[in-house]
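**Q** Let me give you the structure first, and then I'll get to my questions.
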Amino acid sequence: SIYDFMNNTRWTSDVFEIEERINCNVLLTISALPSSTTFTGKVQVQSSRPVFNTAYNTVLFNYEDNDVSFAYIRNSALLFSIDQYRDNLTSILAFYAYMILAYDYDSFELKGGSKYFTKAQIVSSNAKNSGDPGWSASAGKRMNRYWMVDNALQSAFEPIRTVYYNYHRLGFDIMYDDIVAGRKVVLESLQQLDKVQRARPGSLNLQIFLTSKSSELINLFSQSEMTEKNAAVSVLKKLDPSNSSKYQEILN
């Protein structure tokens, strides 16, 4: 039912060929069944997009949501309307469908995902009075769905959205022709994120970016010359101090 819902709902008016569809994974883990039709657990959502002229896919969004609780009756249809809250399962799935689209569009056009972030915010707003976990502005210490999309649309987080474009379209997409120039753009993009870290240290949206990119960045800068390695390690340790030892691998 989830597979059909995600793939057969028309999330955008843009026309995609089958091979152009966004690569994504939605892993739902059920940890408890309070009743025969009520489920609690977590959902891991990941999406990626291809890098120009290569077979490589770069992760755009990777997040584990631990505030998942919903009711579902076997074989019932999953129905969604952006204008109203119907149930928590479809709201969660729709929210992440729009977030996946938003980050994908941002990676191809500067702030190209704005309308999808706005749609995700509408879903969040419709669900906030449901009493279901993950939608409240006052819960989760700014680490839930409400804050994820609210942050994305705030001016303080604009550097992250600019980085999504520069990093992918001006960085990775040119590496087939000039890996040195592309890597330089990626490093400059990371340095721009320092503004966000200083203004909103440890913010959810910055964590989402770094969770998605940490392994990729270690692989990328491990191949660069020493000055660039040092610069990359320095900025990454500032952005993500809890994983400092991990980024030290770049220098090995």
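The values are calculated or read from the model by the stated rules, or taken from the named source; none is laboratory data. From a predicted model like this one, the values you see are computed outputs, not experimental measurements. Backbone-built Cβ (ideal geometry, glycine too); neighbour counts: all protein chains shown. Accessible surface areas use protein heavy atoms only, side chains included; no ligands, DNA or RNA. Shrake-Rupley method; radii C 1.70, N 1.55, O 1.52, S 1.80 Å.
**Q** So, by mean Cβ neighbours within 10 angstrom, what's the order for 188-199, 92-103, 59-70 with the highest one leading?
**A** Top of the packing list down: 92-103, 59-70, 188-199.
**Q** Another question, if that's okay. Please report, as a whole percent, how much of the solvent-accessible surface of the chain comes from carbon and sulfur atoms (probe radius 1.4 Å).
**A** So the carbon and sulfur contribution to the accessible surface is 50 percent.
**Q** Taking 7 Å along the Cα-to-C-beta vector as the label spot, tell me the Lys42-Ser130 distance in nanometres, rounded to one decimal.
**A** Output for this residue pair reads 2.0 nm.
**Q** Given only helices, namely DSSP H runs of n ≥ 4 each adding -39500 (n - 2.57), what is the per-residue ellipticity at 222 nm of the chain, to the nearest 500 deg cm²/dmol?
**A** One gets -14000 deg cm²/dmol as the mean residue ellipticity at 222 nm.
**Q** Please report the relative contact order for region 131-182, taking Cα pairs under 8 Å with a sequence separation of at least 6, and give it as a percent rounded to a whole number. If you can, show how the numbers build up before the last one.
**A** Working: 24 pairs, mean separation 8.9, N = 52.
That works out to 17 percent.
**Q** In square nanometres and to one decimal, what's the mean projected area of the convex hull around the Cα atoms of region 78-195? Don't jump to the answer; show the numbers that get you there.
**A** Details: hull surface 32.7 nm².
Seen from a random direction, the Cα hull of region 78-195 projects 8.2 nm² on average.
**Q** Could you give the spread of the C-alpha atoms of region 205-252 along their three principal axes, from largest to smallest, in whole angstroms?
**A** Computed over the Cα atoms, the extents are 30, 17, 14 Å.
**Q** Quick one: if you take sqrt(5λ) for each eigenvalue of the C-alpha gyration tensor of region 66-132, what semi-axes come out, biggest first, whole angstrom?
**A** The three semi-axes for region 66-132 are 25, 12, 10 Å.
**Q** Above 20 Å lies some portion of the pair distances; for region 19-86, what is it as a whole percent of all C-alpha pairs?
**A** Cα-Cα pairs of region 19-86 separated by over 20 Å account for 51 percent.
**Q** Mean separation of Cα pairs under 8 Å and 6+ residues apart, divided by the residue count of the chain: what relative contact order is that in percent?
**A** Across the chain, relative contact order equals 14 percent.
**Q** Given the convex hull over the Cα atoms of region 137-252, what projected area results after averaging over all orientations, in nm²? Write out the running numbers ahead of the final one.
**A** On the way: hull surface 28.3 nm².
Spelled out: convex hull of the Cα atoms, projected over all directions, averaged, 7.1 nm².
**Q** While we're looking at this one, here's another question. Output the relative contact order of region 1-145, whole-number percent, from Cα pairs under 8 angstrom with separation of 6+ residues.
**A** Relative contact order comes out at 17 percent.
**Q** Full-extension gain between Lys184 and Tyr3, please, as 0.36 nm times their residue separation minus the C-alpha to C-alpha distance.
**A** So the chain would gain 61.3 nm between Lys184 and Tyr3.
**Q** Accessible area per residue, 1.4 Å probe, Å², for the chain: what's the number?
**A** Solvent-accessible surface per residue comes out at 50 Å².
**Q** Quick check on my link table: of Lys111/Lys195; Lys195/Lys246; Lys42/Lys184; Lys184/Lys238, which ones sit more than 29 Å apart, alpha carbon to alpha carbon?
**A** Lys42/Lys184
**Q** What do the square roots of 5 times the Cα gyration tensor eigenvalues come to for region 1-144, in whole Å, largest first, as semi-axes of the equivalent ellipsoid?
**A** After diagonalising the Cα gyration tensor, the semi-axes are 26, 17, 15 Å.
**Q** Compute a Gaussian network model of the chain, connecting alpha carbons closer than 10 Å, and tell me which residue from Arg200, Arg183, Arg161 fluctuates the most.
**A** Highest fluctuation of the listed residues: Arg200.
**Q** May I ask for the net charge around Phe16, where only other residues with Cβ less than 13 Å from the Cβ of Phe16 are counted and Lys, Arg are +1 while Asp, Glu are -1?
**A** Neighbourhood net charge equals -2.
**Q** Net charge near Arg183, counting Lys/Arg +1 and Asp/Glu -1 over other residues with Cβ under 12 Å of its Cβ?
**A** -3
**Q** Starting from the coordinates of the alpha-carbon atoms of the chain, obtain the Kirkwood hydrodynamic radius over all distinct pairs and give the value in Å to one decimal.
**A** Computed over the chain, the radius equals 19.2 Å.
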